[in-house]
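The values are calculated or read from the model by the stated rules, or taken from the named source; none is laboratory data. Just so it is clear, the model here is predicted, and its values are computed rather than measured. Counting neighbours? That spans all protein chains shown, and the Cβs are built from the backbone with ideal geometry, glycine included. Calculation scope for accessible area: heavy atoms of the full protein, side chains included, ligands and nucleic acids excluded. Shrake-Rupley method; radii C 1.70, N 1.55, O 1.52, S 1.80 Å.
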Amino acid sequence: MAVRITGVDARSAAEKAGICAGETLVSMNGHEIADILDFRFYETEANLHLLLCSEQGEERTVSLRKRQYDSIGLQFETYLMDRQRSCRNRCIFCFIDQLPKGMRKSLYFKDDDSRLSFLFGNYITLTNLSEREVERILHMHISPINVSVHTTNPELRCKMMGNRFAGQCLSILKRLAEGGIHLNCQLVLCPGINDGEELQRTLDDLYALGENLQSIACVPVGVTRYREGLYPLTTYTRETAAVVIDQVEAYGDHFCRTRGARTVYVSDEFYLLAGRELPGEDFYEDFAQLENGVGLLTSLKSEFEDALFTLTEEEKGKKRRLTLVTGEGAYPFLNRLLDELREKCDNYKIRVIPVKNDFFGGTVNVAGLLTGQDIERCLQREDLGECVLLPGVTLRQQEDVFLDDMSLQQLAGRLGVPVIPVPNSGYALLDAIIGRNEEIG
């Protein structure tokens, strides 16, 4: 497979070598170039021989020299240099299958691309991996790889993922671990299906992968009100969530005793569901699974408390009145956290409003799935003060748009006050509350 060059950077090594847009890159130093991983890996060499093919089908070889690791300056149609790979599975817990109709097309795309696992931390199921790709991961030592495991019982994995090959793919985990590839694993737990004894089996099997198993996150299944015709699933209750916490923490203790690191965790949502206090900062070690909501609130609390020590006397004396919104799940935690600021500065009037997720309904109560229309409904008759702060995760990545396509500007216009997204950082939260860098917000 070859890839078409769509542009050449000015004053780059490629331009100086006479490479032109429209040519096709066939190989570099004899290595076939199929996508971005091939290109980036072989581009690091200082002396390069590129086999190119013109639009007329004529081949030529171009040689160039550069500093090692410098870019040669080629542009391609897409970042991956070919199409993003979609998921072939029909998982019984898939959140995308639970979306309502009529949303923008991109929200219904299920990615399962190993390249995105390495480049952006996406999780893959291994069902899309060809033998060539497995060999490439091992040869290039592409690490870490993030894997959605869910269960190591082959028959159960086939059932949960709706793919008759899903069980066979588990052998790839062992090959990767033995090849020195670090693995981060995710288990979406469904009550009565892959928890209990099945979870114990999965943790035992993952433990057997050895030292290259880097982390395991156990997260509860999310269920919306749009599950007509889908596999019947229940959600975790206060009692069943507590059982999972006890089981996983006990296994984490086993990891600590035998390997010196906890390795396996439940997400914050389990603690919120069970009504339990979140563990402290030391429990989460290097916070390896923040993207799965593991230790996210503990990290936020630690940063916020550190940030409070940076308050100047002038900032303590300011008067501020504003509103924060969050999901129902994190509301009690966030409100208690802000009490620490209220005690230091009683002239700060900060109201936290939990937003009920009517859009998705069901048991969805996390901030990252809030929509503009639900936020507007909850706030439209409230005295909001100077501004509204909301979690940045409510917005589509790199865009000021909510899941329901309402824009940040539209929401601000309807509420009549500025609406400021705040990154998931305790420092950023305090900055937003006291008005630091407001011109940026």
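Numbers below:
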read-out: Solvent-accessible area, 1.4 Å probe, carbon plus sulfur percent, for the chain; value: 49
read-out: Stretch gain in nm, segment residue 44-residue 347, where the contour uses 0.36 nm per residue and the Cα spacing is subtracted; value: 103.4 nm
read-out: Cα-based helix-to-principal-axis angle, 131-140 vs the chain, degrees rounded to 10; value: 80
read-out: Cβ crowding within 10 Å averaged over residues, with 32-39, 261-268 ranked highest first; value: 261-268, 32-39
read-out: The stretch 223-306: translational diffusion in µm²/s, Stokes-Einstein, Kirkwood Rh over Cα pairs, 20 °C, 1.002 mPa s; value: 150
read-out: Average Cα contact separation per residue, the chain, under 8 Å, 6 or more apart, as relative contact order %; value: 9
read-out: Helix axis angle, 331-344 relative to the chain longest principal axis, alpha carbon, degrees; value: 70
read-out: Charge context of residue 373, other residues only, Cβ under 11 angstrom, K/R +1, D/E -1; value: -3
read-out: In nm, spacing of pseudo-spin labels at residue 71 and residue 225 (7 Å Cα→C-beta vector); value: 4.7
read-out: Accessible area per residue, Å², the stretch 240-313 with all protein chains present, probe 1.4 Å; value: 44
read-out: Principal-axis tilt of helix 296-308 within the chain, Cα atoms, nearest 10 degrees; value: 70
read-out: Whole-number accessible area per residue in Å² for the stretch 125-172, which is evaluated in the context of all protein chains at 1.4 Å; value: 39
read-out: Contour minus Cα-Cα distance for residue 257 and residue 340 (0.36 nm per residue); value: 26.3 nm
read-out: Cα-only radius of gyration and Dmax that characterise the stretch 139-201, units Å; value: 12.5, 40
read-out: Rounded Å value of the spacing that divides the Cα centres of the stretch 157-174 and the stretch 378-417; value: 41
read-out: Listed residue pairs exceeding 22 Å between alpha carbons, taken from 319/356; 319/344; 316/349; 159/356; value: 319/356; 159/356
read-out: Stokes-Einstein translational diffusion, the chain - Kirkwood Rh over all Cα pairs, 0.890 mPa s, 25 °C, in µm²/s; value: 100
read-out: Alpha-carbon Rg/Rh ratio, for the stretch 268-412, with Rh computed the Kirkwood way; value: 0.97
read-out: Spin-label model distance (nm) - residue 283 vs residue 26, 7 Å beyond Cα toward Cβ; value: 6.0
read-out: Full-extension gain in nm, residue 205 to residue 15, via 0.36 nm per residue minus C-alpha separation; value: 63.2 nm
read-out: Rounded to 5, the percent of DSSP beta bridges in the chain classed as antiparallel; value: 40
read-out: Rounded accessible area of residue 278 (nearest 10 Å², 1.4 Å probe); value: 40
read-out: The stretch 1-51 - accessible surface per residue (Å², probe 1.4 Å); value: 44
read-out: The stretch 243-351 - convex hull of the alpha-carbon atoms, volume per residue in Å³; value: 109
